[in-house]
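The structure appears right after this line, and notes come after that.
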Amino acid sequence: MTRLALALIAAATPRPDRESVAGDTIERFDELRATAGPSAARRWLWREVARVLRDAPRHRVATHDGTRQAPRARKVPLMSSLGQDVRYALRSFKRSPGFTAVAVATLALGIGANTAMFSVIHAALLRPLPYPQPSELIRVGQRTTGSSLAVVEFEIVRRESRAFSSIAAYRGAGDRRLDVAGGPPEWIAALAVTTDFLRTLGVPPALGRELTAGEVQAGGPQAVVLSHAVWREHFGADPEILGRLVALDDVRHVVVGVLPADFWFPQRVDALVPLRSSGALGDLGMNTSTVARLANGVTLTQADGELAGFAEELRRARSGSVEEAYQGVAPVPLHRWVVGDQRATLVLLFGATAFVLLIACANLAVLLLARASARDQEIALRLALGGSRRRLAAQFLVESACVSVLGAGAGLLIARGVLQVVTTRLSLTLPSAAGVRLDGTVLAFALGTAMVTAVVFTLVPLLTSTRLPPHDSLKVGGRMAGAGRTRARARSALVAAQVALAVTLLIGAALLIQSLHRLRQEPLGFSTEGLVTFTTPIDRTRLSSAHVDVFVEAVGDRLRRIPGVRDVATTNLVPLAGQSNMPAQRDRRPEHSIGGMEIRVVSPNYFDVLGIPVRRGRAFAASDAAGAPAVAIVNDTVAAAWWQDADPIGDGVAIGLFRGKSLVRDAATRRVVGVGGDTKAMRLDAPPRPTIFIPLAQADAFGSSNLTWILRTEDAPGLAAQVRRAVEDAAPGQRVGTLRSMDDVVGSQLSDRRLNASLFAIFAGVSLLLVTIGLYGVVAYAVAQRTREIGVRMALGARPADVLATVLRQSLAITAAGLAIGVAGAAWLAQSLQGMLFNLSPLDPSTFIAVPLLFAVVALVAALVPARRVTRVDPLIALRVD
Amino acid sequence: MRLGPDAYGATIRREIETHARRELSISAVYTTLQRLEQKGLVRSRIGEPTPERGGRRRKHFELLPAGARALKSACDAFAGMTAGVERRLKTLG
């Protein structure tokens, strides 16, 4: 280490003195080692290195001056006056605080926003999944929609495919009640999996093993793999946990393994339980997700081809409970599926921030160009006095670099702030426990861009101005004709470019905001006023239907007694909370079959409480009880599809029947007694889905594990606590889900769009601000430059209005050019917004007209303010200007 | 001046550090001495290699008559400026 220090010192010292300096250093070092000890000596040595590096440039200068004879302009090495230049730069910033503030702020905004967004994108899109060889991991989904498989499809793929080294299926198994010794029960999120789940992911368990084929089979022993957190928190990290019996929903499971502490999965996993297909109604649905690992040497395309070949067999296996358009299944890289919809959004937002950065750089360039013009005299003077062009260039470069560094520093602070906002509001499932961090690469990139801009736009004017004979600019009123014109043109081009970029962003923001607004206006089909909802998960394997009825009545009773509660309804799923579908067919009309009919189990007052109109017939009544004839209500969509204008009342529907084939044990026919209005099903931006309603009392076959309660309330303080108490009274130990207002349920559908629109609006606003400043600056500068000319013209009789018009004409021309390019660019880019817009064409004419017009007005005002000064010019004073 | 014939880089630095009571880089010492040499106030010569310094030679500096005169006039000027101030500084403590 000391050798390194000595080498550094020697390298920094000019050659003639190298030897004696090295000797002196060694002497001192030895002295210190003897008197103060080796560590003190080493510390001194490194301090000395720092000092020498600082002072060496001056030493070098002194040495050179000694050896040179002619007192010519010194060829000074770059490093020698770095400190000097930096200090000079900082002094000149203090002299022109306006320039500095604007330049730094401009850069900070551009760099800050960009860095933040890229950090998010890097974490979300570019970081690989935390599994070994993540590129081999595949998800198998429906070829047409990418959604989950039916159990039978998974089994066929597993049996027949040779493309995968391992494959496993999983399905969310809801919350299970874990009985903990000596404490209240805990609710943990269970994931039902087949064997090989962990093997496919490549994650070995921390303890024990994963589920075996025997345990996953119907009738097999109940086994469970616990998550590390559950093992630690509820079992005290007991090393003897394997083989212990734990009770999940009162069913005893043997603990066979524990997951590693850093296990990550796109959804919350507290326990792995066996996924058993029982042939029950629930298994018909497409609700089983699949993960697989490509076998050695097999590519995605090859796997795709193989799976495509299974289409016929899959169709047959699903007993034709599929639409005509069914095309089997297809593989998709798991990483892409995890990131999912967010990709498009993130790329879009990144594009927006890139625009902002460009605008910021353009602004900086304009500022620098203007400044260069202002310093023409200073430059000429210094050159005339013997300064070297190189020194000047170096000094100005240092200045620009300082601005860039300051801007980047401020930008970092902004980036941190933006990241806070984005990561708390964006519901991203990021494949990294560390989450989103400020990314060094991007900061370096942004800083680099700013620096390059600074360098280019410092050097270019400098080169042009130093070429001219100095005496031209030293003349009174020194205007540089040639260079001045080029610079002015460059400035105009830059401002026009800024305008183009900004107007593109503004149009994008306007489109997104309008789209959000239209989505908000969508008719829901029901009223949310005063409605509050919560769920109570039911374990159907333990509670028979009779028990469920008692439960529902007991709870409903107590809920009604809460002050402020006007009415209570029950259903399996409220609108916009999910989907639950099954094949269904019109009685005796096999051609009227729907594969994914939404089924809603409801209490009789459901339609009333939600404000859903019953267009024909009647709603359910108390008389539609367990033993009574099976009835159903269809919604408008079904009525239109199956009956068109005829009356559905009295006709029959059969759930579980599809194209004449019965898919369940008894697909009983139900008589239609009413037609209800359409409501939104799972998504706000999708049309209502065909739905059949069944009375709660007649619903045994549809063992939904969830019961949702809807309360119509008026002024009910402390409702959440009272609800919990009511349920606890009626059914001790029953889990109660979070209480939410229906407005919140609807609102959560809007949150992502709202975030996009807000971010875009912010970017657009920032760029508008930057461009306005740019325009203002350009016009103000032009006015200042031409004060004399204006004075002359006014002295010759020109009217202020005419002069004003002349000045404005220039800036309006720039703006118009920029707008034209911007609108064209926006039209081209808008296509990529297609997927994000609701009910709005990407080339919406009103937006494309209104935004540029608005921009033109703003630009006019920005130009008008400095231009008005022109009218106040006193010709006498103007003519005297230097 | 104080060091006499023993005045070379390391010793000069040590002397200044002792009296100025702060650390100094070797480059700063050489720079100043070089400037003095250019102005003709000191003279340098390379000495013999010594085993303690790993065989490296020392660069000795010697005060020239012109330098001695310059030093004297600087001291006089300083003494003139501080005359009387010393007493007052003592009372300030």
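The values are calculated or read from the model by the stated rules, or taken from the named source; none is laboratory data. Source: prediction; values computed, not measured. Methodologically, a virtual Cβ is constructed for each residue, glycine included, from the backbone with ideal geometry; neighbour enumeration extends over all protein chains shown.
A few notes on this one:
- For segment A:238-261, the criterion of a residue being farther than 14 Å from residue A:186 by Cα, in contact with a Phe, Trp or Tyr (Cβ under 6 Å, 6 or more places away or on another chain) and surrounded by fewer than 21 Cβ atoms within 10 Å (Cβ to Cβ) is satisfied by at least one position.
- Test: residue in segment B:3-24 that is within 13 Å of chain A (Cβ to nearest Cβ) and in contact with a His (Cβ under 8 Å, 6 or more places away or on another chain): yes
- Neighbours by Cβ (under 8 Å, 6+ apart or cross-chain): first from segment A:291-318, farther than 14 Å from residue A:157 by Cβ; second β-branched (Val, Ile, Thr): A:300/A:138
- Only one of the listed residues (A:504, A:570) is at pLDDT 90 or above, hydroxyl-bearing (Ser, Thr, Tyr) and in a helix (DSSP H, G or I). That residue is A:504.
- Any hit, segment A:150-168, residues being modelled with pLDDT of 80 or more, among the polar types (S, T, N, Q) and assigned to a loop (DSSP other than H, G, I, E, B): yes
- From A:374, A:394, A:370, residue being surrounded by fewer than 18 Cβ atoms within 10 Å (Cβ to Cβ) and within 25 Å of residue A:111 (Cα to Cα): A:394
- Tallying residues that are in a helix (DSSP H, G or I), within 14 Å of chain B (Cβ to nearest Cβ) and either modelled with pLDDT under 80 or farther than 25 Å from residue A:396 by Cβ (or both) within segment A:54-82 yields 10.
- Condition check for residue A:654: surrounded by 19 or more Cβ atoms within 10 Å (Cβ to Cβ), of a type outside the set (D, E, K, R) and part of a strand (DSSP E or B): yes
- Just so you know, in segment A:17-42 the residues that are under 57 Å from the mean Cα position of the chain (by Cα) and surrounded by 13 or more Cβ atoms within 10 Å (Cβ to Cβ) include one that is nearest to the other protein chains (Cβ to nearest Cβ), and it is A:41.
- First in segment A:519-537 and more than 18 Å from residue A:609 (Cβ to Cβ), second anywhere and part of a strand (DSSP E or B) and polar (S, T, N, Q), Cβ under 6 Å, 6 or more apart: A:537/A:706
- Any chance residue A:528 is within 23 Å of residue A:688 (Cα to Cα), buried (at least 21 other Cβ atoms within 10 Å of the Cβ), among the hydroxyl-bearing types (Ser, Thr, Tyr) and modelled with pLDDT of 85 or more: no
- So residue B:82, is it of a type outside the set (A, V, I, L, M) and either within 12 Å of chain A (Cβ to nearest Cβ) or under 14 Å from the mean Cα position of the chain (by Cα) (or both): no
- Members of segment A:149-169 found to be closer than 8 Å to residue A:290 by Cβ and small (Gly, Ala, Ser), listed by number: A:168, A:169
- Filter result for residue A:617 (surrounded by fewer than 20 Cβ atoms within 10 Å (Cβ to Cβ) and touching a Phe, Trp or Tyr at 6+ places or on another chain (Cβ under 8 Å)): no
- Qualifying positions in segment B:34-62 - more than 9 Å from chain A (Cβ to nearest Cβ), in contact with a Gly (Cβ under 8 Å, 6 or more places away or on another chain) and in a helix (DSSP H, G or I): B:36
- For segment A:43-52, filtered to residues that are within 11 Å of chain B (Cβ to nearest Cβ) and in contact (Cβ under 8 Å) with a residue 12 or more places away in the chain, the residue that is nearest to residue B:29 (Cα to Cα) is A:52.
- Applying the set (1) at negative phi; (2) surrounded by fewer than 19 Cβ atoms within 10 Å (Cβ to Cβ); (3) touching a strand residue (DSSP E or B) at 6+ places or on another chain (Cβ under 8 Å) to residue A:661 leaves exactly one unmet item: (3).
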